[in-house]
Amino acid sequence: MPDLSYSDVTPIGGELGTSMSKFCEDGRIIAFSSVVGDGLSDSLEANWQKMNRSTDHRWIRNLAIYDDSKNMWRYVGAMSRNSNQINWFTHKGVIQNYADAFIGIQAGLFCLSQEREENDSPPLKKVGIGFGIPVKAGEVVAETFFNYIKSRLKTEGSEKYLYIKAKNVATGEIKELKIQFTFILLQFQAYGAYMSFLMKKFGMRLYNTYVVDVGHGTWIKLPVIENEADINLSDSVPEGIFTVTSNISQIIFESSGQRYKIPEQRIMEKLPRGEYKVEVPGSGVFDFKDILEKECSNLCEHIIQAVKADLVSINRKGKTIDYFVMVGGGASLIFDKFKEKIKNHYNWSDEIANDRVISAVELGVDHRYVNSVGFMLLARDQIALELEKEVNPDFEITTISTDSLENFRI
Amino acid sequence: MTKKTPLSDLNKNDARRNEICLDAETMAIIDAQCEEHKTNRAKFIAVVVRLFLDFSYIARTVGKDIFSFRDEMIKAIVRSKGNMSEKNGDIFDAISSTSKENGKEDGKENGGSKSFSAEGFDIKGFKEKFGAMAGELSELRTAFLELKNAVSLAVKSPADARIQDADDGRPQGYDRSGLKTKDTKIDGISIDELAGEFKDSLPPSYKDKRKKLHKLKF
């Protein structure tokens, strides 16, 4: 019998990444820095509002969430630039503080709901969440985190509700939202990418897929054999694009006679624009393209060594990998190298390598967001199962909102 | 390789033979093929079964089921189309003649090859009938060569191949007549690596496997 209580549940996909948290609902994605900080005092905040000259007054850029466990406002994402002390949700792929992570979930759901309202859709009312957790978190931590979330929900009859109180610090507007939680489905972070490929690229056929998710602070490996994550071989390694950019920062520091330290964030910002030069005061312009190339090759070599070791284990079990997938923010830097190494490992032709080693570009989705899309699909599939229906595998990302500065004018 | 029931165990009046009930469409195909090749149903089916066993064995050797193997062969043909040469044709003919010789030798020693050992089966006549299909199968040649080379190299290491060449007393890259062979680079790959080139052609459908996961319900 279909469970009709699921008929009005909105599927949501989400993950708290090392640097960015991403949430997806239908064709919408919101992404913000995985950081939370204490709010300013009321008087300081009022002063900041008066002096703030930014024309970017979007909620996601100026968001504060009321933390009822501490009875104070917490700044989330970009807004935490004004906080004295900031906390990242995760460190080396592991959730640092449940209360902070809970704020992250509230922020994600609020921003998605806000996006809906701004596009003339009703706010979120009832959700089922597919949620990516770091591989190293494991079952116990996942269960503990779930219990924490449960303890923070308000019970009304037999239903559980999440109350969110949010403030746009730039405008001073305060909004409250009440969302019914139906379920949360925890999965390994990279499994979201697999779901996206399963539904769009693989035509709902089960191909054995080896997913590598290269993030900011970690890279994750997750072989999915016959639709199930191979827990023994999955791992998250505390090495990612941060390692590359911080090494470049260090080299610049040393080459400048240890006089100037260029923050790795400055280098990170340049990469998506294809800029490889940075001005070092007193030393001139420093071109880090060759160093970047070398650092990326080193990172790729570490990844490929782990992959090759896993392939031996997988082959011993009589299984083979049909597709190799690379996703995550670092994929744009590493993917071509990764494909070349896999190709050489198997002695594949270019044609076979292009067919078998793939990235999120094949889906028309940014490398960074493909996991959150997949978790949304996972939640959608579970809702369809409860309703005894076929799942709709289609998705098209139409809007992506981030907390990066927009419409900058002085 | 394949579990077989000894021929002596099969009674000619075995009721199992009557259990093979084919649908009308399949029967029509069989009859049309019998007419085309001037043979009867029993002989046709005997050959079909033996061909199936042979191809099934080859498919298993490269880690595939026969249908996946067929699909990959078709893809290989598509890939190799346009790359065919006269040389390839000659080699294929040479392989065919070698196979015939092997068949004769096997026939002397073992009383018939594995594929064509059915009692009273007119193999010669049947091969002539199927010979007409050779033209249509010409596109398969390149793909077949690729496969044969790969399997041969897996069975015989490159070192062995070099030793044999040396024993033949001719430098590498020259054929038995002393003519320089076409420069073809064939990388030695193992059966595992060969299987790695094929992805599953008939993967199971997610629709059949999807199930309710352990959701943490509120």
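The values are calculated or read from the model by the stated rules, or taken from the named source; none is laboratory data. All values derive from a computational prediction rather than experimental measurement. In this analysis, Cβ positions are derived from the backbone assuming ideal geometry, glycine residues included, and neighbour counts consider all displayed protein chains.
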Residue ID - nearest to the chain's Cα centre (by Cα), chosen from residues in the stretch A:317-332 that are more than 11 Å from chain B (Cβ to nearest Cβ) and surrounded by fewer than 21 Cβ atoms within 10 Å (Cβ to Cβ): A:S332
Selection over the stretch A:280-301 where residues are within 17 Å of A:E340 (Cβ to Cβ) and assigned to a strand (DSSP E or B) yields a count of 0
Return only the number of the condition from (1) more than 14 Å from chain B (Cβ to nearest Cβ); (2) at pLDDT 90 or above; (3) in a strand (DSSP E or B) that A:S236 does not satisfy. (2)
Test A:A353 against the stated conditions and say whether it is closer than 19 Å to A:I12 by Cβ and within 13 Å of another protein chain (Cβ to nearest Cβ). no
Answer yes if at least one residue in the stretch A:33-42 is more than 20 Å from the chain's Cα centre (by Cα), acidic (D, E), at pLDDT below 90 and farther than 21 Å from A:F89 by Cβ, and no otherwise. yes
Being in contact (Cβ under 8 Å) with a residue 60 or more places away in the chain and crowded, with 18+ Cβ neighbours inside 10 Å is the filter here; which residues of the stretch A:233-251 pass it? A:L233, A:S234, A:S236, A:V237, A:E239, A:G240, A:I241, A:F242, A:V244
Can you list residue pairs whose Cβ atoms sit under 6 Å apart, with the first residue in the stretch A:124-152 being surrounded by fewer than 16 Cβ atoms within 10 Å (Cβ to Cβ) and the second being modelled with pLDDT of 80 or more and of a type outside the set (D, E)? Count only pairs 6 or more apart in sequence or on different chains. A:Y148/A:Y98
Only one of A:A384, A:A331, A:A360 that is touching a Ser or Thr at 6+ places or on another chain (Cβ under 6 Å), among the hydrophobic types (A, V, I, L, M, F, W, C) and farther than 30 Å from A:S54 by Cβ: A:A331
Quick one: which strands (runs of 3 or more DSSP E) lie wholly within the stretch A:1-109 and hold at least 3 residues that are within 18 Å of A:G215 (Cα to Cα)? A:10-16, A:20-25, A:28-33
Does A:T90 meet the test of being under 18 Å from the mean Cα position of the chain (by Cα), modelled with pLDDT under 90 and under 22 Å from A:S34 (Cα atoms)? yes
Residues satisfying the stated conditions in the stretch A:356-403, i.e. surrounded by fewer than 15 Cβ atoms within 10 Å (Cβ to Cβ), away from chain B (no Cβ under 14 Å) and part of a loop (DSSP other than H, G, I, E, B): A:G364, A:D394, A:E396, A:T398
Among the residues of the stretch A:164-188, which ones are under 23 Å from the mean Cα position of the chain (by Cα) and without any contact (Cβ under 8 Å) to a residue 60 or more places away in the chain? A:F181, A:I184, A:L186, A:F188
Restricting to the stretch A:334-350, name every residue that is at pLDDT 90 or above and either away from chain B (no Cβ under 14 Å) or not in a helix (DSSP H, G or I) (or both). A:I334, A:F335, A:D336, A:K337, A:F338, A:K339, A:E340, A:K341
In the stretch A:51-81, residues that are without any contact (Cβ under 8 Å) to a residue 60 or more places away in the chain and surrounded by 15 or more Cβ atoms within 10 Å (Cβ to Cβ) total 4
Could you list, in sequence order, all residues of the stretch A:195-223 that are assigned to a loop (DSSP other than H, G, I, E, B) and more than 12 Å from every other protein chain (Cβ to nearest Cβ)? A:G215, A:H216, A:G217, A:T218
